[in-house]
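A.B. asks: Before anything else, here's the structure in question.
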Amino acid sequence: MDLSLFSDLYIIAECQRLNDISNAMPRFKSGSHKGFQLIREYSGTGSGIIRKEVRENSRGFASMREKLDQFNSLTERRKLFAAELHRRRLTIPSNFKLCCDNSPLNVNAWKQFVPCSNHYENKNQYTDPYGFNVKSRSEMLVGNALKDLGFDAKYEPMLILRGNRKKTPDYSFPVPVIDRCFFIEFAGMADNSNYIDSNYGKIDEYMRNGILPNRDLILICGTENWLPSLETMKLMIASFVNSAVYSVYEKLADAG
């Protein structure tokens, strides 16, 4: 995970968010006994610790396994951000509070999006790091950039606009530290006038529905013979996120 492109504010906010989640959830450990895998859940502290144990092939094991995977993923992410915080010689201010953007395009909305909702036949063999079969190498690079930056993402999620109009942006990804989700469109033939004309309507409809480039939508362009590098895409996405996070926290500072 490449955290070097993110602002100090984003690193601090994500560390705080991860700490809050970790402190509020049970702890999990896995082991084995007589050839069977065991998963133990610990809740509470001190003398009030409660232990729950589930054995492989028993009822509830699949659910406990999912919780263990989530816990391990959170722990690993928390370690990476804590290491970056230490590398930059930063500390989380004692009065630091997470902020949200109060937008309907929030993390819960993103969780409801159904990926791969554009059902046009896709004969390409490109697969992004999330496991989605994408239409082009350029879209695969966008997915690689999002994954390298540590974001969850959905490819071509269904977005319902006014009048029950349906659009499928290339990608959507959440930024939990401000409770927002954002969209990415890759315009792969920006030097082709017919392509521009056919895609203008999509961008126009986004804007008429309040989904604005540089605020809600990242527009990445390429041409028939050129596309931005992976590092350039990562920089564009990280810069966009840094700006969005700063804008939300700046509003709080101004209000205070």
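A.B. asks: So, in segment 18-44, exactly how many residues are assigned to a helix (DSSP H, G or I) and surrounded by fewer than 16 Cβ atoms within 10 Å (Cβ to Cβ)?
C.D. replies: Residues of segment 18-44 assigned to a helix (DSSP H, G or I): 18-24.
Within this subset, residues satisfying the condition of being surrounded by fewer than 16 Cβ atoms within 10 Å (Cβ to Cβ) are 19-24.
Of the residues in that region, 6 qualify.
A.B. asks: Sort out which residues of segment 176-225 are among the polar types (S, T, N, Q) and farther than 30 Å from Leu74 by Cα, and write them in order of number.
C.D. replies: Asn192, Ser193, Asn194, Ser198, Asn199, Asn209, Thr223, Asn225
Yes/no per residue for (1) surrounded by 20 or more Cβ atoms within 10 Å (Cβ to Cβ); (2) free of Cβ contacts under 8 Å to residues at least 40 places away in the same chain; (3) among the aliphatic types (A, V, I, L, M):
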| site | (1), (2), (3) |
| --- | --- |
| Trp110 | yes, no, no |
| Val114 | no, no, yes |
| Ser117 | no, no, no |
| Gln125 | no, yes, no |
| Val142 | yes, no, yes |
| Asp148 | no, no, no |
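Per-residue answers, yes or no, for (1) farther than 30 Å from His33 by Cα; (2) assigned by TED's automatic domain parsing to the domain that holds Phe28; (3) in contact with a Lys or Arg (Cβ under 9 Å, 6 or more places away or on another chain):
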site	(1), (2), (3)
Ser47	no, yes, no
Arg51	no, yes, yes
Val54	no, yes, yes
Asn57	no, yes, no
Glu66	no, yes, no
Gln70	no, yes, no
Glu76	no, yes, no
Ala82	yes, yes, no
Phe96	yes, no, no
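A.B. asks: Can you tell which of Phe151, Phe173 is assigned to a loop (DSSP other than H, G, I, E, B) and among the aromatic types (Phe, Trp, Tyr)?
C.D. replies: Sole residue among the options that is assigned to a loop (DSSP other than H, G, I, E, B) and among the aromatic types (Phe, Trp, Tyr): Phe151.
A.B. asks: Select from segment 211-229 the residues that are assigned to a strand (DSSP E or B) and not aliphatic (A, V, I, L, M) and write down the one among them that is farthest from Gly188 (Cα to Cα).
C.D. replies: Ranking the qualifying residues of segment 211-229, first place goes to Pro213.
A.B. asks: In this structure, does Asp2 turn out to be within 30 Å of Ile237 (Cβ to Cβ), in contact (Cβ under 8 Å) with a residue 12 or more places away in the chain, touching a Lys or Arg at 6+ places or on another chain (Cβ under 7 Å) and not aromatic (Phe, Trp, Tyr)? Before the answer, list the steps.
C.D. replies: Numbers: within 30 Å of Ile237 (Cβ to Cβ): yes; in contact (Cβ under 8 Å) with a residue 12 or more places away in the chain: yes; touching a Lys or Arg at 6+ places or on another chain (Cβ under 7 Å): yes; not aromatic (Phe, Trp, Tyr): yes.
Yes.
A.B. asks: Restricting the search to segment 89-133, which residues are of a type in the set (S, T, N, Q), in a loop (DSSP other than H, G, I, E, B) and closer than 26 Å to Leu230 by Cα?
C.D. replies: Result: Ser117, Asn118, Asn122, Asn124, Gln125.
A.B. asks: List the number of the failed condition for Leu85; all other conditions in (1) at pLDDT 90 or above; (2) in contact with a strand residue (DSSP E or B) (Cβ under 7 Å, 6 or more places away or on another chain); (3) surrounded by 15 or more Cβ atoms within 10 Å (Cβ to Cβ) hold.
C.D. replies: The one condition Leu85 does not meet is (2).
A.B. asks: I've got another one for you. Could you identify the single residue in Asp152, Asp197 that is surrounded by fewer than 17 Cβ atoms within 10 Å (Cβ to Cβ), more than 18 Å from the chain's Cα centre (by Cα) and under 28 Å from Leu227 (Cα atoms)?
C.D. replies: Asp197
A.B. asks: Output the residue which, of all residues in segment 45-79 that are of a type in the set (Lys, Arg) and assigned to a helix (DSSP H, G or I), is farthest from Met1 (Cα to Cα).
C.D. replies: Here the residue is Arg65.
The values are calculated or read from the model by the stated rules, or taken from the named source; none is laboratory data. Everything numeric in this text was worked out from a predicted model, so none of it was measured. Backbone-built Cβ (ideal geometry, glycine too); neighbour counts: all protein chains shown.
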